[in-house]
Amino acid sequence: MHFHPLTVQAHASTPLGAVRLTATPKGLSGLWFAQGERHIPAPFLDGPNAWPQDNAHPVLQAAVAQLQEYFGAGRTVFDLPLDLSAGTPFQQSVWLALQGIAHGQTTSYGALSTHLGRPTAVRAVAGAIGRNPISVIVPCHRVLGRNGHLTGYAAGLERKAWLLQSEGAPFLGPVHQCQAG
């Protein structure tokens with residue numbers, strides 16, 4: 001991933017644990033759970049090379065407010081400018097397609113691949129989904145395995161199950177209590 005040089009960050013709390021949000025001049029560019037998430041750009045979030053903290057950034061403030069509404073069951077659609085430019089053109093096309101999956105609905109990796117005109121690229125689509133830099137807001141949690149089975153989520157299957165349950169989305173698989181991390 002190639003991140004914008006003017007990226008800034010903020011922190012927020014959610015029922016699923018703390019999150020790290022990032023924004024560029026173009027829009028929201030990242031949302032990662034602080035604990036238990038794969039593919040988190042840790043060197044840019046903490047330490048000497050960390051992106052600057054900017055709690056007053058208007059996109060980050062709007063993202064935090066909309067997340068609070070979402071987790072409070074009052075928001076079903078996010079209305080934020082997004083900057084998906086850190087990904088390849090293929091990844092960006094997958095991330096844009098994810099935004100078309102409505103709240104409370106799900107699709108499969110295969111169906112999404114077919115929708116993108118790449119029916120034999122299921123693994124590539126799954127890989128792009130796993131690298132989604134804007135968890136929850138770009139709803140990769142709404143993609144299920146074959147026959148509606150709960151599979152794959154960079155922030156953990158317990159979080160994916162919690163998100164789907166909170167949206168009333170159908171899925172097959174174990175349901176666990178997710179504890180804030």
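Identify all residues within segment 106-126 that are closer than 17 Å to LEU150 by Cβ, touching a Pro at 6+ places or on another chain (Cβ under 9 Å) and either in a helix (DSSP H, G or I) or not hydroxyl-bearing (Ser, Thr, Tyr) (or both); write none if there are none. If the condition is that a residue be closer than 17 Å to LEU150 by Cβ, touching a Pro at 6+ places or on another chain (Cβ under 9 Å) and either in a helix (DSSP H, G or I) or not hydroxyl-bearing (Ser, Thr, Tyr) (or both), then GLY110 is the only one that fits.
If I ask for residues that are assigned to a helix (DSSP H, G or I) and of a type outside the set (Lys, Arg), which ones from segment 138-154 would you list?
In the first step, residues of segment 138-154 are kept if they are assigned to a helix (DSSP H, G or I); the result is 140-142, 146-148.
CYS140, HIS141, ASN147, GLY148 - these are the residues of segment 138-154 that are assigned to a helix (DSSP H, G or I) and of a type outside the set (Lys, Arg).
Take the conditions among the aliphatic types (A, V, I, L, M), in contact (Cβ under 8 Å) with a residue 40 or more places away in the chain and not in a loop (DSSP other than H, G, I, E, B) and apply them to ALA86. Does it pass? Explain how you work it out, then say what you get.
Details: among the aliphatic types (A, V, I, L, M): yes; in contact (Cβ under 8 Å) with a residue 40 or more places away in the chain: yes; not in a loop (DSSP other than H, G, I, E, B): no.
The answer is no for ALA86.
Does segment 46-67 contain any residue that is β-branched (Val, Ile, Thr), within 24 Å of GLU158 (Cβ to Cβ) and in a loop (DSSP other than H, G, I, E, B)? No, the conditions are met nowhere in segment 46-67.
Evaluate the following for ASP79: is it acidic (Asp, Glu), more than 19 Å from LEU164 (Cα to Cα), open to solvent by less than 60 Å² (accessible area, probe 1.4 Å) and out of contact with any His (no Cβ under 6 Å at 6 or more places or on another chain)?
On the way: acidic (Asp, Glu): yes; more than 19 Å from LEU164 (Cα to Cα): yes; open to solvent by less than 60 Å² (accessible area, probe 1.4 Å): no; out of contact with any His (no Cβ under 6 Å at 6 or more places or on another chain): yes.
It is false that ASP79 is acidic (Asp, Glu), more than 19 Å from LEU164 (Cα to Cα), open to solvent by less than 60 Å² (accessible area, probe 1.4 Å) and out of contact with any His (no Cβ under 6 Å at 6 or more places or on another chain).
Of all residues in segment 82-112, those being within 15 Å of the chain's Cα centre (by Cα) and open to solvent by less than 40 Å² (accessible area, probe 1.4 Å) number 10.
I'd like the residue in segment 1-34 that is assigned to a loop (DSSP other than H, G, I, E, B) and closer than 15 Å to VAL136 by Cα and, out of all such residues, is least open to solvent (accessible area, probe 1.4 Å).
At the first step, the residues of segment 1-34 found to be assigned to a loop (DSSP other than H, G, I, E, B) are 1-7, 15-16, 25-26, 34.
From what's left, closer than 15 Å to VAL136 by Cα: 15-16, 34.
On the way: PRO15: 60, LEU16: 0, ALA34: 41 Å².
Once the filter is applied, the top-ranked residue is LEU16.
Can you find, within segment 146-168, the residue that is modelled with the highest pLDDT among those that are open to solvent by 70 Å² or more (accessible area, probe 1.4 Å) and among the charged types (D, E, K, R)?
Taking segment 146-168 and keeping what is open to solvent by 70 Å² or more (accessible area, probe 1.4 Å), we get 146-147, 149, 157-158, 165.
Filter again for among the charged types (D, E, K, R), leaving 146, 158.
Details: ARG146: 84, GLU158: 93.
Here the answer is GLU158.
Which of the residues spanning segment 55-76 are open to solvent by less than 50 Å² (accessible area, probe 1.4 Å) and not hydrophobic (A, V, I, L, M, F, W, C)? So that I can check it myself, show each step before the final result.
First pass over segment 55-76, keeping only residues open to solvent by less than 50 Å² (accessible area, probe 1.4 Å): 57, 59-60, 62-67, 70-71.
Those that are open to solvent by less than 50 Å² (accessible area, probe 1.4 Å) and not hydrophobic (A, V, I, L, M, F, W, C): HIS57, GLN66, TYR70.
Considered as a group, the residues in segment 119-137 that are free of Cβ contacts under 8 Å to residues at least 60 places away in the same chain and buried (at least 17 other Cβ atoms within 10 Å of the Cβ) include one that is farthest from ARG75 (Cα to Cα), and that residue is ALA121. Exactly one condition in (1) buried (at least 21 other Cβ atoms within 10 Å of the Cβ); (2) touching a Gly at 6+ places or on another chain (Cβ under 7 Å) is false for PHE171; which is it? Condition (1) is where PHE171 drops out.
The values are calculated or read from the model by the stated rules, or taken from the named source; none is laboratory data. Bear in mind the structure is a predicted one, so any value in this text is a computation, not a measurement. For neighbour counting, all protein chains shown are included, and Cβ atoms are generated from backbone atoms with ideal geometry for every residue, glycine included. Ligands, DNA and RNA are stripped out before the accessible areas are found, and what is left, the full protein with its side chains, is counted by its heavy atoms. Shrake-Rupley method; radii C 1.70, N 1.55, O 1.52, S 1.80 Å.
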